[in-house]
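*Asks:* Submitted below is the structure of interest, expressed as structure tokens.
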Amino acid sequence: MTAFIQLGEDGRYHPAPLDADGFYHSAQLPGFRLRVAWLWQRPLPTLDEVERETSRSA
């Protein structure tokens with residue numbers, strides 16, 4: 001299992017949830033999303049596949 005954390009306004013770190021499609025959304029880089037499953041996929045997806053998937057899911 002992969003977990004992400006984000007610094008909250010209260011100065012503490014909190015779990016950062018994934019969306020329904022399994023994407024992590026960055027709080028610091030607006031528009032940046034990462035499908036967590038890609039981290040463990042072999043072979044890794046190509047940049048074209050990543051771009052296609054993130055554009056389609058936007």
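*Asks:* With only Lys, Arg, Asp and Glu charged, each at its Cβ (+1 for the first two, -1 for the last two), find how big the charge dipole of the chain is about the Cα centre; round to the nearest 20 debye.
*Replies:* About 140 debye.
*Asks:* Work out the P(r) tail for the chain: percent of alpha carbon pairs separated by more than 17 Å, whole number.
*Replies:* 44 percent
*Asks:* Just name one of Trp38, His25, Gly11: the one whose Cα is farthest towards the positive end of the charge dipole of the chain (beta-carbon charges, Lys/Arg +1, Asp/Glu -1).
*Replies:* Checking the options against the dipole of the chain, the answer is Trp38.
*Asks:* Can you compute the helix-only [θ] at 222 nm over the chain? Use -39500 (n - 2.57) per DSSP H run of at least 4 residues, normalise by all residues, nearest 500 deg cm²/dmol.
*Replies:* Helices in the chain give a 222 nm mean residue ellipticity of -5500 deg cm²/dmol.
*Asks:* Additional query: Return the long-range amide H neighbours of Ala16 (sequence gap of 5 or more, or a different chain), with a cut-off of under 5 Å between placed amide H atoms.
*Replies:* Phe4, Ile5, Gln6
*Asks:* Under a plain spin-label model, where a point goes 7 Å from the Cα along Cα-to-Cβ, how far apart in nm are Thr2 and Arg52?
*Replies:* Calculated label separation equals 2.0 nm.
*Asks:* For the chain, set up a Gaussian network in which alpha carbons nearer than 10 Å are linked by springs, and say which option among Gly22, Gly31, Gly11 fluctuates the most.
*Replies:* Gly11
Only the coordinates and a few stated rules stand behind these numbers; no lab work does. Note that the structure is predicted; figures quoted are calculated from it, not measured. Counting neighbours? That spans all protein chains shown, and the Cβs are built from the backbone with ideal geometry, glycine included.
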